[in-house]
Each structure stands twice: as structure tokens, then as C-alpha cells.
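Reading through the C-alpha cells given below for one structure.
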Amino acid sequence: MARLRKFCSYRRLERPYTRISKYRKKSYIKINPNCKIVKFDMGEASKKFPFSLALVSKTDLQIRHEALESARKTSNRILEKVLGKTGYFMRVRVYPYHILRENPLASGAGADRMSTGMAKAFGKPIGIAAQVKKGQPVFSIDVEKKNLTTARLALKRASYKLPNSYAIEVVQSPEKQKNN
């Protein structure tokens with residue numbers, strides 16, 4: 001089974017090398033890999049909750065779609081188990097548009113006959129990633145006041161699955177602030 005390449009080579013936000021050809025159809029990436037994030041909205045979407053928590057990035061980085069799906073599953077499992085399906089509303093706030101490419105370089109016997117080296121180094125698509133800026137929310141959870149600790153735990157567990165470090169911000173809804 002093919003292993004995922006270490007993500008440290010893709011983590012930084014950089015503009016990818018774009019191939020400019022005399023022929024327009026050769027300037028594009030031919031294959032768009034499927035997004036592994038199954039759901040972007042979970043829980044009770046129609047209900048208005050007084051508190052909103054957000055998992056905010058502390059740096060600029062790229063997050064692979066496998067990592068986003070893993071973090072989503074982990075936090076959603078905690079929320080569903082404790083609060084039920086109607087006690088929260090969770091949303092994935094980023095979408096992986098950025099296509100990651102890799103120029104596979106072979107090593108070993110006969111590699112010189114297979115490889116083109118750096119002559120045709122445009123690369124094959126291997127996955128997709130979301131580009132996240134500093135201060136941008138990655139996940140958000142809306143809950144009641146009594147469920148704030150559970151939502152905070154869910155976001156903390158999600159941050160363990162993602163690269164880099166994150167902060168959890170709690171915001172009270174404007175309607176609730178007017179009543180107090």
C-alpha cells in the first residue's frame with residue numbers, strides 16, 4: 001500500500017510552480033483528486049445557539065484533507081456521544097482547493113531508465129490541501145452554555161490531529177449579549 005509522504009514538505013504557504021506551455025491544454029493539472037471530507041456541517045443547523053467556539057490557526061499553513069477529515073471525525077464523535085445529534089452545530093470552515101503535486105524520483109537498479117529527473121518536473125497530483133492564514137478559523141462549534149467544556153474538549157482533540165498550533169476562541173452571540 002502506498003504511504004503518504006511526510007507533510008513537512010507541503011506545510012508552508014507558497015505559490016506553486018505553474019507550467020506555462022505554448023499549448024493551453026498542457027498548462028493545466030489534468031486530474032483533481034477527490035476530497036476526503038465527507039461532511040462540512042454536522043449537528044442541528046436550524047437551531048440558534050448562544051455560544052460559538054472556533055479553532056483558530058496561529059500561523060499560515062496548509063492542511064491536507066486527510067488531516068481535516070480525521071480531526072472532524074474525532075471532534076464530532078465526542079460531541080455526538082455527549083450532546084446527541086441536536087445539542088450542537090459544527091462546521092468545517094475551510095475547503096481544500098490547493099492541489100498538491102509530487103515529482104516521483106526513483107532510486108535503485110534501473111532507475112535511470114524510468115526517471116526523467118528534473119527535465120519534466122511538473123509532478124503528478126497526490127492530494128489536496130486547504131490554505132489557512134493566521135487567525136482564520138478551521139472549525140466552529142455552536143453550543144449552549146452548559147456544554148462549553150465538551151465543545152472545548154472536542155476542539156482540543158481536533159487540534160491534536162492537525163499540523164501546527166491552534167487557539168480556541170469563545171464568542172457569545174449578539175442576541176444573548178443584548179439580553180444581559
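The values are calculated or read from the model by the stated rules, or taken from the named source; none is laboratory data. Here the structure is a predicted model, which is why all the values come from computation and not from measurement. When we count neighbours, we look across all protein chains shown, and the Cβ atoms used for this are built from the backbone with ideal geometry, even at glycine.
Residues in the stretch 40-71 that are among the polar types (S, T, N, Q) and surrounded by fewer than 20 Cβ atoms within 10 Å (Cβ to Cβ) were compared, and the one that is farthest from LEU83 (Cα to Cα) is THR59.
Identification of strands (runs of 3 or more DSSP E) wholly contained in the stretch 33-134 with 1 or more residues that are of a type outside the set (D, E, K, R) and modelled with pLDDT under 90 yields 98-102, 124-132.
Scanning the stretch 161-180 for residues that are among the hydroxyl-bearing types (Ser, Thr, Tyr) and either touching a helix residue (DSSP H, G or I) at 6+ places or on another chain (Cβ under 8 Å) or at pLDDT 95 or above (or both) gives SER165, TYR166. If the condition is being touching a residue at least 40 places away in the same chain (Cβ under 8 Å), assigned to a loop (DSSP other than H, G, I, E, B) and either over 19 Å from the mean Cα position of the chain (by Cα) or under 22 Å from LYS134 (Cα atoms) (or both), then the stretch 3-16 contributes TYR10, ARG11, ARG12, LEU13, PRO16. If you filter the stretch 17-38 down to residues that are surrounded by 13 or more Cβ atoms within 10 Å (Cβ to Cβ) and touching a residue at least 40 places away in the same chain (Cβ under 8 Å), you find that the one that is nearest to the chain's Cα centre (by Cα) is ILE37.
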